[in-house]
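To start, the structure under review is shown below, and the notes come after it.
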Amino acid sequence: MLSAAAPAQFPADAGVEIAFAGRSNAGKSTAINCIVARNGLARTSKTPGRTRLLNFFSVADGRIVDLPGYGYAEGPREERAAWGPLIDALRVRESLRGLFLVVDSRRGVGEFDHQLIRWADPGVRQVHVLLSKADKLTHSESAKALREAQAALEGTATVQLFSALRRTGVEEAQQKLADWLAT
């Protein structure tokens with residue numbers, strides 16, 4: 001639909017938007033492509049920090065917003081400094097109804113993830129954590145990662161295992177997105 005480098009470039013604050021956020025290289029763009037079943041909708045890269053703008057995608061009943069990753073990211077310092085105010089401008093939009101937080105299942109939920117959950121204001125917006133790259137864990141490691149994430153989130157967000165490669169949790173994530181878009 002469009003890429004925004006400034007709030008003035010955002011689409012009209014109408015309808016329903018669902019944001020996807022997470023650390024650089026956690027698998028946000030891959031998750032978007034898998035959940036909406038449209039390969040190549042969001043550009044993917046093995047290089048962390050490739051998403052540098054807020055990318056708005058039109059889907060059946062609303063919009064998806066792909067946010068730049070946090071943590072390691074390449075790009076000019078001025079560009080990275082502009083991301084905070086840009087993302088804060090997204091936060092006040094009435095159309096923003098939910099946040100998928102993509103967390104690499106091997107890393108677990110960290111402080112930056114908690115900050116983003118607080119940013120989303122779970123009392124106002126729903127937050128759902130996708131523990132991505134679950135295919136890289138054994139069954140027992142996956143179960144442990146899920147338990148640890150549930151404990152770390154303390155009810156501030158729902159959480160599930162997710163793997164685009166093995167399609168683990170794809171239907172559950174698709175249902176969550178459909179439910180949010182229907183609100």
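Please work out if Ile32 is at pLDDT 80 or above, part of a strand (DSSP E or B) and closer than 24 Å to His114 by Cβ. So that I can check it myself, show each step before the final result.
Working: at pLDDT 80 or above: yes; part of a strand (DSSP E or B): no; closer than 24 Å to His114 by Cβ: yes.
The answer is no for Ile32.
Can you tell me how many residues in region 160-175 are more than 15 Å from Phe100 (Cα to Cα) and of a type outside the set (S, T, N, Q)? Give the steps one after another, and end with the answer.
Restricting attention to region 160-175, the residues satisfying the condition of being more than 15 Å from Phe100 (Cα to Cα) are 165-168.
Those still in the list that are of a type outside the set (S, T, N, Q) too: 165-167.
Looking only at that region, the number is 3.
Starting from region 91-110, take each residue that is over 20 Å from Gly123 (Cα atoms) and list its partners that are assigned to a loop (DSSP other than H, G, I, E, B) and modelled with pLDDT of 95 or more, counting only C-beta distances under 7 angstrom and pairs at least six apart or across chains. If the second residue must be assigned to a loop (DSSP other than H, G, I, E, B) and modelled with pLDDT of 95 or more, the pairs left are Val103/Val109; Asp104/Lys133; Ser105/Lys133; Ser105/Leu137; Arg106/Lys133; Arg106/Leu137. Reported count of residues in region 1-29, each being under 13 Å from Asn55 (Cβ atoms) and outside any strand (DSSP E or B), is 7.
Under the condition of being closer than 15 Å to Arg93 by Cα and surrounded by 17 or more Cβ atoms within 10 Å (Cβ to Cβ), the residues counted in region 121-135 number 2.
Name the pairs: first residue in region 56-84 and hydroxyl-bearing (Ser, Thr, Tyr), second residue at pLDDT below 65 and part of a helix (DSSP H, G or I), Cβ to Cβ under 8 Å, at least 6 apart or on different chains? Once the first residue is hydroxyl-bearing (Ser, Thr, Tyr) and sits in region 56-84, no partner that is at pLDDT below 65 and part of a helix (DSSP H, G or I) comes close enough. Applying the criterion of at least 1 residues that are among the β-branched types (Val, Ile, Thr) to the helices (runs of 4 or more DSSP H) found wholly in region 108-183 leaves 111-120, 170-181. Checking each residue in region 58-70 for being over 12 Å from the mean Cα position of the chain (by Cα) and within 18 Å of Pro7 (Cβ to Cβ) picks out only Arg63.
When Ala89, Ala120, Ala152, Ala143 are screened for being modelled with pLDDT under 95 and more than 14 Å from the chain's Cα centre (by Cα), only Ala89 passes.
Of the candidates Arg38, Arg52, Arg43, Arg80, the single residue that is assigned to a helix (DSSP H, G or I), at pLDDT below 90 and closer than 22 Å to Val103 by Cα is Arg80.
The values are calculated or read from the model by the stated rules, or taken from the named source; none is laboratory data. This is a predicted model, so every value here is computed, not measured. Positions of Cβ are backbone-derived with ideal geometry, glycine not excepted, and every protein chain shown enters the neighbour counts.
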